[in-house]
1. Could you tell me the calculated FRET efficiency between residue 168 and residue 202, based on Cβ-Cβ distance and R0 = 22 angstrom, to the nearest 0.05?
2. Roughly how compact is the chain, stated as its Cα Rg over 2.2 N^0.38 Å to two decimals?
3. How do 42-50, 57-65 rank on mean C-beta neighbours within 10 Å, highest first?
4. Using Cα-Cα distances under 8 Å and only pairs 6 or more residues apart, what relative contact order does the chain have, in percent?
5. With only alpha-carbon atoms counted, please give the Rg and Dmax of segment 70-196, in Å.
6. Report for the chain the percent antiparallel among DSSP-assigned beta bridges with both residues inside it, nearest 5.
7. Tell me, in nm to one decimal, what length is gained between residue 190 and residue 122 on full extension, where the rule is 0.36 nm per residue of separation less the Cα-Cα distance?
8. With N denoting the number of residues in segment 253-296, provide Rg(C-alpha) divided by 2.2 N^0.38 Å, to two decimal places.
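Nothing in this text is a laboratory measurement; each read-out follows from the coordinates by a stated rule. Please read these numbers as outputs of a predicted model, since none were measured by experiment. Here the Cβ is made from the backbone with ideal geometry for all residues, glycine too, and neighbour counts use every protein chain on show.
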Amino acid sequence: MQLGIVGKPNVGKSTFFNAATKAHAEIANYPFTTIEANRGVMYIRKPCPCRDAHVTCTPHNSRCIDGIRFVPIEAIDVAGLVPDAHKGKGLGNKFLDDLRQAHALIHIVDASGSTDAEGNPCNIGTHDPLTDVAFLEKEINYWLFGIIKKSWEVIARKCELEGKKIEKMLTEQLTGLGIKEEHITGAIRKINLDNERPSQWKDEQIFKLTDYVRIISKPIIIAFNKCDKAPEAFIEKRNELTNYIVIPCSAESELALNNAAEKGIIAYTPGSNDFTVLKKEELTENQLKALEYIRT
């Protein structure tokens with residue numbers, strides 16, 4: 001399984017990627033820092049059976065830390081997406097191509113509202129993060145729509161004149177995107193399209209079909225990043241995203257904790273809700289304040 005780390009430029013995608021994978025994608029405060037896709041392995045935390053069995057485990061394809069099993073999953077961090085990417089704006093075409101095989105997406109959203117629609121820095125609280133959720137989905141939908149429309153007349157004709165199944169034809173058209181026939185079938189049923197006469201489908205119906213195909217084939221989790229800097233009113237905006245799993249986070253803080261743990265400064269298991277300072281005497285007052293800020 002592969003997860004795509006997506007979002008507009010400058011929202012902390014590479015920081016999130018580094019924190020989750022302990023890789024070292026380039027991190028900077030300007031658009032398109034990530035030109036080539038960065039790939040790595042991130043981990044899902046699960047209770048390890050060794051805890052209940054009272055044994056010491058030696059996993060070969062994962063890690064076990066203090067009774068927590070870290071199950072590996074491939075992740076890809078790609079260039080930021082901007083409005084009209086499906087038309088080739090920014091690095092849109094490369095972005096979309098890099099996401100072809102992603103089974104699910106983690107959308108990194110700047111909860112602090114400190115980056116505009118194209119990822120340029122702006123004052124905190126001046127850009128509504130909810131607009132970013134809508135724009136990314138729209139771009140992916142237009143991308144899928146363009147692929148389908150490219151051969152739509154041929155597909156519709158073969159279905160009606162040769163008795164081909166529209167579900168199978170569309171699956172073949174989208175097969176390189178990790179989309180399966182069951183995804184197409186489910187979407188057609190959801191919006192009640194006539195699969196016997198696809199030539200009668202209007203563009204708005206085909207676009208709606210792509211929306212449901214995306215929802216089914218590439219589900220999205222929202223990572224509400226930079227929440228440590230976000231106004232309280234902006235953090236509460238996550239409650240408006242009722243159809244999503246929304247997780248407030250601070251990728252910058254997580255990365256700092258991982259780095260401190262690697263240096264032996266703190267004891268910290270990735271994903272835990274607390275840590276222990278081990279070498280307090282070696283830290284400056286500012287470093288101690290920074291750790292306390294992260295803790296609170």
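1. On the way: r = 22 Å, r/R0 = 0.99.
Efficiency, from the Cβ-Cβ distance: 0.50.
2. On the way: Rg = 22.1 Å, N = 296, 2.2 N^0.38 = 19.1 Å.
Cα-based Rg divided by the globular estimate yields 1.15.
3. Values: 42-50: 15.4, 57-65: 11.6.
Those peptides, ordered most packed to least, come out 42-50, 57-65.
4. Numbers: 506 pairs, mean separation 55.8, N = 296.
About 19 percent, as a whole number.
5. Expressed in Å, the Cα Rg and Dmax of segment 70-196 come to 17.8, 59.
6. Details: 16 of 34 bridges.
For the chain, the DSSP antiparallel bridge percentage is about 45.
7. 20.5 nm
8. Details: Rg = 9.4 Å, N = 44, 2.2 N^0.38 = 9.3 Å.
Ratio of Rg to 2.2 N^0.38 Å for segment 253-296: 1.01.
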